Each structure stands twice: as C-alpha cells, then as structure tokens.
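Trainee: Would you mind keeping the following structure in view while I ask a few things?
The values are calculated or read from the model by the stated rules, or taken from the named source; none is laboratory data. From a predicted model like this one, the values you see are computed outputs, not experimental measurements. All Cβ positions, even for glycine, are placed from backbone atoms using ideal geometry, and neighbour counts span all protein chains on display.
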Amino acid sequence: MAGTEHSTDGEAASGFNIHPMEQFEIYPLFGDGPIHMYTPTNVTLWMGLTLLAIILLMIVGSRGRAMVPSRTQSIGEMIYGFVYKMVEDIAGKEGLKYFPYMMTIFLFILFANVLGLLPYSFTVTSHIAVTGVLAMAVFLSVTIIGFVRNGTKFLKIFWISDAPLALRPILAIIEIISYFVRPVSHSIRLAGNMMAGHAVIKVFAGFAGAMGLGAVAPIVAIVAVYGLESLVVVIQAYVFTILTCVYLNDALHPGH
C-alpha cells in the first residue's frame, strides 16, 4: 500500500496521471449508492440524449417536408436513402419490410457513437451490456424470421450443398458454431472499436497534461486519432447495420 501511495503522489506531482478506463465507468446520476436495474446512471442519460438527437433530426428537423429541403432535412433524407438502398441491395425487395428496424439500429448506433466524441460525454456503445443487447436482438429476430418464413428449410444455411458430400457434415458443424457465435462477434466488434479509440485519446491527453508547454507531439497525435475516430464512429454504425442486413438476407433466402 505504501508503494501505491508513493506512486500516486509522484504522478500527482509530475502531472503524469493517466487512467484511460475511467471514462467507461458507470455511476448513478443521483447520490453514490449502489446501482440497481432501475437506477438512473450516466448510461441512462446519454441514451436519452441519443434518442433526443434522433428525434430532433428525423422528426423535428424534417417536419416541414419542404420541396426545397433545409440543411437538417437534407441530412435526414440522405441517411434515410443511404440505409434504404443498403437494405434493398443486400436483402432484396423482401428485406424492405424490415427497413424501419434497420433504420433504428443505424441511427441509434451512429448518434450514440457521435455523441461519445463530445468532451465529458459517455459512449454507451463502448459497453458490451449495450452492444450485446443490440446483437442478441438481431440474432433472435433473424432466427425467428427465418423459421417463420421458411420453416425447417431455414436449416439449409448450415448445409453447404455445393461442397463434396464427405465434407458437408464437417462444414455443417462449422456453420452452426459460426451462426451461434454471431451475437458475440457482432457485439464485441462495436464495443471494442469504441473503447480502443477513446482509450488511446485519453492516453495521449495524459501525456499532453504531463508535458505541459512541450506537448506538441501528443496534441498532434490527439488531433490525428480524433479525426480517425470521427470516421470510425460512422464506419462502425455502417458495419453493424450491414451485417444485420446480411443476416436478414440469410433468413429470407436460406438456400442462396
């Protein structure tokens, strides 16, 4: 304990105090008591702000539906058209029935990621508890749709009919494992990318604080990583949604 205290005092004295994972801590908004499932936390707050931002853009900003759209309406229409074409290209015309769900997923992840770049904000998509729920909802929805629409024919996605007969049972086992791993990889990919980028920015910010006026290199690194993160937040929303479209296409057309 004495060594730890000495180390902490030394960090405080030198200004070198880097705790990159602190930004991902969940804490109650009111008081310091234990966190229960009904306790309002910083996750609750930033999820609410994400929902509010979506409403402001897609409903309030586009309520006029002007022939010559405003800047806000243009952004909303661009996002709408982008996701609509993604669903149509990957899942086909039948997939457009589920376009509202895809649009909701894309908007939530996109706005949660973007808001997470604001100073003193909280990135809700950096937590497996959030991305895991999103991924499991996709997994269950796609599986249910597959069986409802195709019955037992949905199981064709595990049977590679083009492969040699001797290899088909082995490939079927691999496909089954791959299918049930989907929600894990789907959720970890998003949470991992969000956490890694923000942690790197925090580390460079700690170096900048420790170096004082000579912190040119860390500041340049922060700007570079922040610019990269501005792309990553959009790309990760796109990747999560496009994978959902691919899984939906498997459910709609299991024999393809």
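Trainee: Residues V246, V233, V181, V216: which one is touching a residue at least 12 places away in the same chain (Cβ under 8 Å), surrounded by fewer than 19 Cβ atoms within 10 Å (Cβ to Cβ) and of a type in the set (V, I, T)? Walk me through how you get there before you give the answer.
Mentor: Details: V233 fails: surrounded by fewer than 19 Cβ atoms within 10 Å (Cβ to Cβ); V181 fails: touching a residue at least 12 places away in the same chain (Cβ under 8 Å); V216 fails: touching a residue at least 12 places away in the same chain (Cβ under 8 Å).
Answer to the selection: V246.
Trainee: Now for a different question. Determine, yes or no, whether L57 is under 20 Å from the mean Cα position of the chain (by Cα), part of a helix (DSSP H, G or I) and closer than 20 Å to V234 by Cβ. Walk me through how you get there before you give the answer.
Mentor: Values: under 20 Å from the mean Cα position of the chain (by Cα): yes; part of a helix (DSSP H, G or I): yes; closer than 20 Å to V234 by Cβ: yes.
Here the answer is yes, as L57 does meet what is asked.
Trainee: Moving on to the next point. Evaluate the range 198-221: report whether one residue or more is within 25 Å of E175 (Cβ to Cβ), under 17 Å from the mean Cα position of the chain (by Cα), in a helix (DSSP H, G or I) and not β-branched (V, I, T). Full working, then the answer.
Mentor: Within the range 198-221, the subset within 25 Å of E175 (Cβ to Cβ) is none.
No, that holds for no residue.
Okay, residues lined up against (1) hydroxyl-bearing (S, T, Y); (2) under 30 Å from H127 (Cα atoms); (3) in contact with a His (Cβ under 8 Å, 6 or more places away or on another chain):
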site: F147; (1), (2), (3): no, no, no
site: F158; (1), (2), (3): no, no, no
site: D162; (1), (2), (3): no, no, no
site: L165; (1), (2), (3): no, no, no
site: I173; (1), (2), (3): no, no, no
site: R182; (1), (2), (3): no, yes, no
site: S187; (1), (2), (3): yes, yes, no
site: A191; (1), (2), (3): no, yes, yes
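Trainee: With L117, L110, L96 as the choices, which residue is in contact with an Asp or Glu (Cβ under 7 Å, 6 or more places away or on another chain), among the aliphatic types (A, V, I, L, M) and under 29 Å from V225 (Cα atoms)? Show your work before the answer.
Mentor: Working: L110 fails: in contact with an Asp or Glu (Cβ under 7 Å, 6 or more places away or on another chain); L96 fails: under 29 Å from V225 (Cα atoms).
None of the others qualify; the one that does is L117.
Trainee: Take R65 and tell me if it is on the phi > 0 side of the Ramachandran plot, exposed (fewer than 11 other Cβ atoms within 10 Å of the Cβ) and modelled with pLDDT under 90. Steps first, please.
Mentor: Values: on the phi > 0 side of the Ramachandran plot: yes; exposed (fewer than 11 other Cβ atoms within 10 Å of the Cβ): yes; modelled with pLDDT under 90: yes.
The answer is yes for R65.
Trainee: Please tell me if K202 is surrounded by fewer than 15 Cβ atoms within 10 Å (Cβ to Cβ) and more than 29 Å from F82 (Cβ to Cβ). Can you show your working first?
Mentor: Details: surrounded by fewer than 15 Cβ atoms within 10 Å (Cβ to Cβ): no; more than 29 Å from F82 (Cβ to Cβ): yes.
When the stated conditions are applied, K202 does not pass them.
Trainee: I'd like to check which helices (runs of 4 or more DSSP H) are fully inside the range 71-162 and have at least 3 residues that are surrounded by 15 or more Cβ atoms within 10 Å (Cβ to Cβ), free of Cβ contacts under 8 Å to residues at least 60 places away in the same chain and in contact with a Gly (Cβ under 7 Å, 6 or more places away or on another chain). Let's see the steps before the verdict.
Mentor: Working: elements: 71-95, 99-115, 128-150.
Passing ranges, in order: 71-95.
Trainee: Modelled with pLDDT under 90 and closer than 28 Å to T143 by Cβ: which single residue out of K156, K202 fits that description? Walk me through it before giving the result.
Mentor: Values: K202 fails: closer than 28 Å to T143 by Cβ.
Of the residues listed, the single one that is modelled with pLDDT under 90 and closer than 28 Å to T143 by Cβ is K156.
Trainee: A further question on this structure: Would you point out which residue out of M47, M37 is within 28 Å of A205 (Cβ to Cβ), outside any strand (DSSP E or B) and hydrophobic (A, V, I, L, M, F, W, C)? First the steps, then the outcome.
Mentor: Details: M37 fails: within 28 Å of A205 (Cβ to Cβ).
Testing whether each residue is within 28 Å of A205 (Cβ to Cβ), outside any strand (DSSP E or B) and hydrophobic (A, V, I, L, M, F, W, C) leaves just M47.
Trainee: Give G212, G146, G151, G227 a once-over and let me know the one that is at pLDDT 85 or above and at positive phi.
Mentor: Working: G212 fails: at pLDDT 85 or above; G146 fails: at positive phi; G227 fails: at positive phi.
Just one listed residue meets the conditions, G151.
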